Structure formats: C-alpha cells, structure tokens
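A short worksheet on the structure shown next.
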Amino acid sequence: KSLDEYLGLFRRILCQDLVMAVLYLALDLLIPFEEKSTSPTSAHSGPFNTALTALLLTVVALWLMDAALLCLFKKKLTAAEEAGRPEQEFPALRHWQKVCVFSSSLALL
C-alpha cells in the first residue's frame, strides 16, 4: 500500500475515535440528566453507577489516547518520508506501529 492510503486510513481512524468518544460522553451526560428529571433519585448514586461511569471514562480515555498515538505515528511517518529516509527509520516506526496496534486493540475490548 502507498503512503497516501495509510494516511487516509489514519484520518478515518482518528475521526472514528473522536466521534465515538464524543458520542459516549454525550450519552453519559444526557441519559442521567433525563433520568434525574423524571425520577426523584439520583442517576449516579451507588457504587454500581460509579463503576459504570469510571468504565465509560476509561474507554473514552483509551479512544482519545489511540487518536493521539495515531497522530504522532502519522507525524513520524510523514517526517521520515519527507526526509527521504524511511528505511533508516523503519525500526523506530515499527515500534510505534506496534504501540498503535496495541492501543487500538485495548480500546476495542
């Protein structure tokens, strides 16, 4: 595959990570607000709801971390390509590729 195809893939993944993070946060903020307006008890009371909120924030943080790592990897990849030395940078780029794949896999779990 060409560098342009990979850069397009990075853009799509970055957009997907950001959209999912925003949607999850919006759902977490809107649903308890609706429940609060219709029920006398708090939607975030109790240890179970606190654990669910912590889990949701962890997932959102993983998606944002994945987006940041992809931006960093994209920056390093384009810098190596512009310098005309991707072969010398290959071991370092391979390491960053593994970090990005691990981060994405962890966020999907």
Notebook entry, point to check: Does the stretch 55-73 hold any residues that are surrounded by 14 or more Cβ atoms within 10 Å (Cβ to Cβ), over 11 Å from the mean Cα position of the chain (by Cα) and modelled with pLDDT of 85 or more, and which are they?
Noted result: none
Next item on the list: May I ask you to verify whether Arg94 is open to solvent by 80 Å² or more (accessible area, probe 1.4 Å) and at pLDDT 80 or above?
Entry: no
Next item on the list: Could you give me the residue pairs with C-beta distances under 7 Å whose first residue belongs to the stretch 1-22 and is free of Cβ contacts under 8 Å to residues at least 12 places away in the same chain, whose second residue is surrounded by fewer than 16 Cβ atoms within 10 Å (Cβ to Cβ) and aliphatic (A, V, I, L, M) wherever it lies, and which are 6+ apart or on separate chains?
Entry: none
Note to self: Looking only at the stretch 1-14, count every residue that is open to solvent by 80 Å² or more (accessible area, probe 1.4 Å) and of a type outside the set (Asp, Glu) and tell me the total.
What the structure shows: 4
Note to self: Suppose the filter is surrounded by 14 or more Cβ atoms within 10 Å (Cβ to Cβ), more than 19 Å from Gly8 (Cα to Cα) and either at pLDDT 80 or above or out of contact with any helix residue (DSSP H, G or I) (no Cβ under 7 Å at 6 or more places or on another chain) (or both); does Leu52 pass it?
What the structure shows: no
Next item on the list: Quick one: Pro47 ticks every box in (1) modelled with pLDDT under 75; (2) surrounded by fewer than 12 Cβ atoms within 10 Å (Cβ to Cβ) except a single one, so which number is it?
Entry: (1)
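The values are calculated or read from the model by the stated rules, or taken from the named source; none is laboratory data. Owing to the predicted nature of the structure, the values given are computational and were not obtained by experimental measurement. Positions of Cβ are generated from backbone atoms using ideal geometry, with glycine treated the same way; all protein chains shown enter the neighbour counts. For the accessible areas, the whole protein counts, side chains as well, though only heavy atoms, and no ligand, DNA or RNA atoms are used. Shrake-Rupley method; radii C 1.70, N 1.55, O 1.52, S 1.80 Å.
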